[in-house]
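Report on one structure; see the data block that follows.
The values are calculated or read from the model by the stated rules, or taken from the named source; none is laboratory data. On a predicted model such as this, the values are computed, not experimentally measured, just so you know. Please note: Cβ atoms are built from the backbone with ideal geometry, for glycine as well, and neighbour counts cover all protein chains shown.
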């Protein structure tokens with residue numbers, strides 16, 4: 001039996017489909033490190049519907065390393081990624097219209113074993129320091145500057161540096177193969193839970209150098225043309241990110257869903273990671289650009305063009321304004 005549908009009926013059908021499409025919220029593609037702590041925030045956003053409550057759908061794409069997230073972002077396969085604002089400043093100085101939305105101010109420090117007898121940086125003279133992140137690691141550069149100012153001690157020249165991946169630096173520090181260790185904050189949190197402590201934190205060193213420890217180092221990076229074309233999506237993402245931070249800062253039960261991703265081998269590790277994340281939550285206030293400029297100048301002095309490129313001073317527009 002043949003069924004005939006009139007033009008008016010077709011208009012209703014297709015009009016309904018068009019309306020449905022028009023009502024679908026826009027999607028935001030996020031390129032994230034698969035094992036990165038940023039995924040704790042991403043999971044919290046998704047599990048609590050903070051994305052759809054703020055008018056968009058968050059699509060998280062996991063990648064094996066930071067280089068892969070940058071390739072996806074730069075190649076147009078993702079709308080947002082995580083990096084530090086020093087890199088954003090460098091890219092802006094090279095003509096790329098990238099902007100930065102703060103995510104975390106979590107930084108590390110230099111840890112030593114309890115009972116090691118090492119009480120200040122000069123006590124590391126002639127000893128090995130394990131460093132994750134390479135010779136241009138920003139924590140390492142800040143600690144070098146601090147050692148020079150506080151003790152007139154050449155931390156790089158008077159110690160032996162051992163560079164390696166975070167898990168290797170973690171193991172070497174705990175096994176005593178290195179006298180001190182500089183690692184990413186979440187590895188340091190677990191190292192301190194297992195019998196190590198801060199010799200000098202980056203926060204302490206930053207304050208002594210006249211820097212602002214409240215300046216968030218890590219953040220979400222967008223392209224300027226995406227922000228211009230989808231301001232409501234970026235604004236919604238900023239609200240979703242803040243809602244996730246507020247929940248994780250205040251509600252211990254919100255962390256239970258994150259336990260598998262945190263890979264904590266003990267309750268002490270779990271608590272150390274939770275509290276470390278909370279300490280790294282930045283305020284919602286605009287970034288102090290004068291303080292950021294002082295930080296960039298120090299990085300330019302110590303890391304040179306290999307670190308900051310042409311960005312000797314803070315380029316305009318690094319920090320995203322949603323006003």
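List of remarks:
- Condition check for residue 154 on (1) touching a helix residue (DSSP H, G or I) at 6+ places or on another chain (Cβ under 8 Å); (2) surrounded by fewer than 16 Cβ atoms within 10 Å (Cβ to Cβ); (3) touching a residue at least 12 places away in the same chain (Cβ under 8 Å): one failure, at (3).
- Subset tally (residues that are in contact with a strand residue (DSSP E or B) (Cβ under 8 Å, 6 or more places away or on another chain) and farther than 18 Å from residue 233 by Cβ) for region 73-86: 3
- No other residue among 302, 296 is farther than 23 Å from residue 42 by Cβ, in contact with a helix residue (DSSP H, G or I) (Cβ under 8 Å, 6 or more places away or on another chain) and modelled with pLDDT under 95 apart from 302.
- Test: residue in region 284-293 that is touching a helix residue (DSSP H, G or I) at 6+ places or on another chain (Cβ under 9 Å), within 20 Å of residue 45 (Cα to Cα) and modelled with pLDDT under 95: yes
- Scanning region 156-167 for residues that are in contact with a strand residue (DSSP E or B) (Cβ under 8 Å, 6 or more places away or on another chain) and farther than 14 Å from residue 111 by Cβ returns 159, 160, 161, 162, 163, 164, 165.
- Residues in region 39-55 that are touching a strand residue (DSSP E or B) at 6+ places or on another chain (Cβ under 9 Å) and more than 17 Å from residue 234 (Cα to Cα): 39, 43.
- Any hit, region 175-183, residues being touching a residue at least 24 places away in the same chain (Cβ under 8 Å) and under 18 Å from the mean Cα position of the chain (by Cα): yes
- Matching residues, region 28-49, being over 16 Å from the mean Cα position of the chain (by Cα) and farther than 20 Å from residue 259 by Cα: 28, 29
- Among the residues listed as 224, 303, 210, the single one being surrounded by 17 or more Cβ atoms within 10 Å (Cβ to Cβ) and touching a residue at least 60 places away in the same chain (Cβ under 8 Å): 303
- For residue 40, the conditions (1) modelled with pLDDT under 95; (2) in contact with a helix residue (DSSP H, G or I) (Cβ under 6 Å, 6 or more places away or on another chain) are fulfilled apart from (1).
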